[in-house]
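*Asks:* I'd like to ask some things about the structure below.
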Amino acid sequence: MGNRRGHGRGDEDPVRDYADSEMEIPRLFALLLIVLEWTRPGLPSPLRPICDLRVLDHFIKEARDAEATMRVCKEDCSIGVPLMVPLTRVDIGVWEKKNMAEQAQEVQTGLWLLNRAFISLHTSISNSALHSHIDASVRNIASIGQVLRSLSIQDYVPTVSGIDLQETWQVSSAPELFQVHINFLRGKVRLLLANAPVCKQEVS
Amino acid sequence: MTSDRGSVLMICALFLAAVACRGHTFDKKVAQLLREEPENIKCFAERMRDLTCFWEEGESRNSSLHQYTFTYTYQYRNENSSACEVFEMPMLAARGRRLFYSRLPRIEFFAQLHLCVFRGGRELYNRSLFIDQVFLLDPPANVTVVKTGQRGQLNVTWLPPALKYMDDSMMYEVRYAMEGNPMRKETVKATTKLTLRGLQSSSKYKVFVRVKPDGITYNGYWSAWSDPAFGTTPPSDLDPVIVVLVLVIILIFFLLILFVLVYHRKSLLKKLWPDIPSPEHKFPGLFSVYKGDFQEWLGHSNSSTRPIHAFTEELPSPLEVLSETSLAAPLPNHLSPPRPATTPRATGLLREDSDTTEQGEEPLQSRDMDAGLLDRWKEPPHTHWLMEQLRALQKHPQALSQSSLLESQDTYVTLNQNSQHAKEEGRQEDDILEESLPLQALFASGDTSLSAASHSDLGSLQQSSGSGRLSSQSSFEYPNHTWPPKGPGYTYMAVADSGVSMDYSPMSSSMGKGVVYANEYILGHRRPLSGQQVHS
């Protein structure tokens, strides 16, 4: 403090230069752009594509554990109303003939149906241990939806009338539901993710 | 319904032709499943296109092929099951069992399938399965083993099964071994190459690979082992690091040894190449100042540094002799003649025997003789005098003996300093001298010295011409002379140690009970010696 030299400016902060005052507006402008970019409404920025199928394998393993738990429960796990579930069977020849959009639609319809079935099961069954499995399955279905979105697959929400009933069937017990869940993940979902064009582009 | 059934049958028939071409691989798979699969209906899918199911019949009953019906249905379909044609395989005919199989043409994955075998309308077996869980693939092809750049390693690569959608769901097992060694296994997932590590160098390895779905999405049985592939590991070359380290260690050892040698070179040299001992350090200044002139050095050195310590013991030590009687001259007179006749007293300065025998009336004389080498001598003015005295003693032993007769109890002996005697004694003296010259070792210098000594103070010791004879012991023979007793002065005798041990003990004037032992020695052949004890 004793070294302070007297300037012409006096009490002004010596750090601030005359150029700073000119840069203030561009600074604020840049900050504004950044904030707007984050909060931009509409489609979110494209996620990084999740091409690693180990994510799906993880879901399959969880579903298997749940199904193993469900297998032992007989009386508590029966449902009054049959649940509509997607068909899990895959005919390779037939599947290959479909295009990407059809496959995606089929998968997303099935996921939607499963989601609905799990929610119904949740209300029907009072066993708290089973509830945890049901919740886990619902979470996994949502995660698969995210994965599909990351692969640039458009969201598709089927309407009740638009569902091809030939591609559905009905189950009347919780173990069956979980079985369908497993098979659906192993089959159609996996085939779709494995052949996603985004992932193939990255590989090649 | 019927059209479906018809188409199914047709497709089944089409596969019949294909089956015939299938051949060896198919038989092997069937045989493998016969061992492994516990279910009655054994099914496997080779590719993603078909499913083969078979069962065996053990009954020897000659049942026709057409009795069997194989039906399948998917769970999700709520319709009647479909049937498929049944075929027979002849492979187990030798064991008395029959094998029937059927193949599903169009299969659907991820859906539960129900299978039934009917024989004659009755259900024989049934099974529910997922087709994607019963894969039995062909073994991997093109297994190759190549060397990597490093020693003890080999790279194994192979081709995956050519199945779409399943290439990332495969699990492989690699089995490898050297000739005659047990097999080692390694499992890899989702990759078609493996690096074998920890192998021996310059060895030939045999490698097998088999494949199986990983079990998450698809599942199945382990395939058969592939055909063996051989690879040889590279020879182990000398690791340069090891070579460098070994060299460094050798260098360190070498430096250590060098350091030890340099540091201890003096002590080592002393041990290996010892110096010739030189007495220079005992003679300070002898070589440096006086250039080896011993006499000069002796003259100039002070007594304290006189190194002739060896002679200190031999220097004549003054011996105080107490004599109470005077030396009587006539005593020896009558003693001397018989002397030669007696046995020589070739004792170590003791001559009791003859004395006692001769002079019984004078027993005391023997005691005097026992005094040994106590003679009365003049104090030697010079060290050389010592030699002369001794030489004189040698020549005139009888003189000494005579002196013994002079004394009474005293232990001193006086030497006759007169010149001697009788030639008649010369002979005996000669003999005596020859035999018993104890100190002749000292006087081997020659006769002349002895002759000179004869005229010395020592007295009349006749010189022996044959003084070459050495005796092992020293003795003094007192000459048979009498010599005038000296005054009551002290006489001294210096005795040089000629290497012969002489025992002489001073006897007190009180003449106690001293025991004197005389040395015995052999005097040659003429006169036997006798050693004696003399009791005083």
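*Asks:* Looking at (1) more than 20 Å from A:Val147 (Cα to Cα); (2) modelled with pLDDT of 85 or more; (3) crowded, with 18+ Cβ neighbours inside 10 Å; (4) in contact with a strand residue (DSSP E or B) (Cβ under 8 Å, 6 or more places away or on another chain), which is the one condition that is false for A:Pro82?
*Replies:* (3)
*Asks:* While we're on this one: List the number of the failed condition for A:Gln170; all other conditions in (1) more than 24 Å from B:Tyr74 (Cβ to Cβ); (2) outside any helix (DSSP H, G or I); (3) in contact with a strand residue (DSSP E or B) (Cβ under 7 Å, 6 or more places away or on another chain) hold.
*Replies:* Every condition holds for A:Gln170 apart from (1).
*Asks:* Also, quick follow-up: Can you tell me which residues in the stretch B:78-120 are of a type in the set (Gly, Ala, Ser) and in contact (Cβ under 8 Å) with a residue 24 or more places away in the chain?
*Replies:* Start the filter on the stretch B:78-120 by keeping residues that are of a type in the set (Gly, Ala, Ser), which leaves B:81-83, B:93-94, B:96, B:102, B:111, B:120.
Correct list: B:Ser81, B:Ser82, B:Ala83, B:Gly96, B:Ser102, B:Ala111, B:Gly120.
*Asks:* Also, quick follow-up: Quick one: which of B:Tyr172, B:Tyr218 is aromatic (Phe, Trp, Tyr) and touching a Pro at 6+ places or on another chain (Cβ under 8 Å)? Break it down stepwise before answering.
*Replies:* Numbers: B:Tyr218 fails: touching a Pro at 6+ places or on another chain (Cβ under 8 Å).
Among B:Tyr172, B:Tyr218, only B:Tyr172 is aromatic (Phe, Trp, Tyr) and touching a Pro at 6+ places or on another chain (Cβ under 8 Å).
*Asks:* Scan B:Thr233, B:Thr192 and give me the residue that is over 30 Å from B:Ala31 (Cβ atoms), over 35 Å from the mean Cα position of the chain (by Cα) and of a type in the set (Val, Ile, Thr).
*Replies:* Numbers: B:Thr192 fails: over 30 Å from B:Ala31 (Cβ atoms).
After ruling out the rest, the residue left standing is B:Thr233.
*Asks:* Report the residue count in the stretch A:87-123 for those that are out of contact with any strand residue (DSSP E or B) (no Cβ under 7 Å at 6 or more places or on another chain), touching a residue at least 60 places away in the same chain (Cβ under 8 Å) and within 14 Å of chain B (Cβ to nearest Cβ).
*Replies:* Qualifying residue count, the stretch A:87-123: 5.
*Asks:* Determine if the stretch B:173-196 includes at least one residue that is of a type outside the set (Lys, Arg), in contact with a helix residue (DSSP H, G or I) (Cβ under 7 Å, 6 or more places away or on another chain) and on the phi > 0 side of the Ramachandran plot. Please lay out each step first, then the result.
*Replies:* Initially, the stretch B:173-196 is screened for residues of a type outside the set (Lys, Arg), giving B:173-174, B:176-183, B:186-188, B:190-192, B:194-196.
Checking the rest, the ones that are also in contact with a helix residue (DSSP H, G or I) (Cβ under 7 Å, 6 or more places away or on another chain) come to none.
No, there is no match, as no residue in the stretch B:173-196 is of a type outside the set (Lys, Arg), in contact with a helix residue (DSSP H, G or I) (Cβ under 7 Å, 6 or more places away or on another chain) and on the phi > 0 side of the Ramachandran plot.
*Asks:* Could I ask something else about it? Taking B:Val156 and the conditions (1) more than 13 Å from chain A (Cβ to nearest Cβ); (2) outside any loop (DSSP other than H, G, I, E, B); (3) in contact with a Ser or Thr (Cβ under 8 Å, 6 or more places away or on another chain); (4) closer than 30 Å to B:Val8 by Cα, which numbered condition does it fall short on, given that it satisfies the others?
*Replies:* The single condition B:Val156 does not satisfy is (4).
*Asks:* Being at pLDDT below 90 and farther than 30 Å from A:Leu165 by Cβ, is that true of even one residue in the stretch B:73-81?
*Replies:* No, there is no match, as no residue in the stretch B:73-81 is at pLDDT below 90 and farther than 30 Å from A:Leu165 by Cβ.
*Asks:* B:Arg103 - would you say it is farther than 20 Å from B:Leu51 by Cα and either surrounded by 16 or more Cβ atoms within 10 Å (Cβ to Cβ) or aliphatic (A, V, I, L, M) (or both)? Working first, answer last.
*Replies:* On the way: farther than 20 Å from B:Leu51 by Cα: no; either surrounded by 16 or more Cβ atoms within 10 Å (Cβ to Cβ) or aliphatic (A, V, I, L, M) (or both): yes.
Against the criterion (farther than 20 Å from B:Leu51 by Cα and either surrounded by 16 or more Cβ atoms within 10 Å (Cβ to Cβ) or aliphatic (A, V, I, L, M) (or both)), B:Arg103 does not qualify.
*Asks:* Can you tell me which residue among B:Leu99, B:Leu124, B:Leu136 is at pLDDT 90 or above and on the phi < 0 side of the Ramachandran plot? Reasoning before the result, please.
*Replies:* Working: B:Leu99 fails: at pLDDT 90 or above; B:Leu124 fails: at pLDDT 90 or above.
The conditions single out B:Leu136.
*Asks:* Read through the list (1) touching an Asp or Glu at 6+ places or on another chain (Cβ under 9 Å); (2) closer than 22 Å to B:Tyr221 by Cβ, then give the number of the only condition that B:Thr73 fails.
*Replies:* Looking at each condition in turn, B:Thr73 falls short on (2).
*Asks:* Turning to a different aspect of this structure: Report, by residue number, each residue of the stretch B:93-127 that is of a type in the set (Gly, Ala, Ser) and within 14 Å of another protein chain (Cβ to nearest Cβ). Please lay out each step first, then the result.
*Replies:* Going residue by residue through the stretch B:93-127, those that are of a type in the set (Gly, Ala, Ser) are B:93-94, B:96, B:102, B:111, B:120-121.
Scanning the stretch B:93-127 gives a single hit, B:Ala111.
*Asks:* With the condition kept exactly as written, say whether any residue in the stretch B:255-269 is part of a strand (DSSP E or B), hydroxyl-bearing (Ser, Thr, Tyr) and modelled with pLDDT of 90 or more. Even if it seems obvious, please write down each step before you answer.
*Replies:* Pass one, the stretch B:255-269, residues part of a strand (DSSP E or B): none.
Within the stretch B:255-269, none of the residues are part of a strand (DSSP E or B), hydroxyl-bearing (Ser, Thr, Tyr) and modelled with pLDDT of 90 or more.
*Asks:* Go through the stretch A:48-85 and count every residue that is of a type in the set (A, V, I, L, M), facing another protein chain (nearest Cβ under 10 Å) and assigned to a helix (DSSP H, G or I). Please lay out each step first, then the result.
*Replies:* Quick first cut of the stretch A:48-85, residues of a type in the set (A, V, I, L, M) only: A:50, A:53, A:55-56, A:60, A:63, A:66, A:68, A:70, A:72, A:79, A:81, A:83-85.
With the extra rule that they be facing another protein chain (nearest Cβ under 10 Å), the set shrinks to A:53, A:56, A:60, A:85.
Next, only the ones that are assigned to a helix (DSSP H, G or I) stay: A:56, A:60.
Adding up the residues that qualify gives 2.
*Asks:* Further question on the same structure: So how many residues does the stretch B:159-176 have that are away from chain A (no Cβ under 13 Å), in a loop (DSSP other than H, G, I, E, B) and in contact (Cβ under 8 Å) with a residue 24 or more places away in the chain?
*Replies:* Count: 2.
*Asks:* Then there is this: If you check A:Ala196 against the conditions, is it closer than 25 Å to B:Phe109 by Cβ, within 14 Å of chain B (Cβ to nearest Cβ), in contact (Cβ under 8 Å) with a residue 12 or more places away in the chain and in contact with a Leu (Cβ under 6 Å, 6 or more places away or on another chain)?
*Replies:* Details: closer than 25 Å to B:Phe109 by Cβ: yes; within 14 Å of chain B (Cβ to nearest Cβ): yes; in contact (Cβ under 8 Å) with a residue 12 or more places away in the chain: yes; in contact with a Leu (Cβ under 6 Å, 6 or more places away or on another chain): yes.
Here the answer is yes, as A:Ala196 does meet what is asked.
*Asks:* Which condition from (1) within 13 Å of another protein chain (Cβ to nearest Cβ); (2) exposed (fewer than 12 other Cβ atoms within 10 Å of the Cβ); (3) among the polar types (S, T, N, Q) is the one that A:Ser126 breaks?
*Replies:* Unmet condition: (1).
*Asks:* Can you tell which of B:Gln153, B:Gln112 is under 30 Å from B:Pro235 (Cα atoms), surrounded by 14 or more Cβ atoms within 10 Å (Cβ to Cβ) and not hydroxyl-bearing (Ser, Thr, Tyr)? Reasoning before the result, please.
*Replies:* Numbers: B:Gln112 fails: under 30 Å from B:Pro235 (Cα atoms).
After applying the criteria, what remains is B:Gln153.
The values are calculated or read from the model by the stated rules, or taken from the named source; none is laboratory data. A quick note: this is a predicted structure, and the numbers were derived from the prediction, not measured. Don't worry about glycine lacking a Cβ; one is built from the backbone with ideal geometry, like all the others, and counts go over all protein chains shown.
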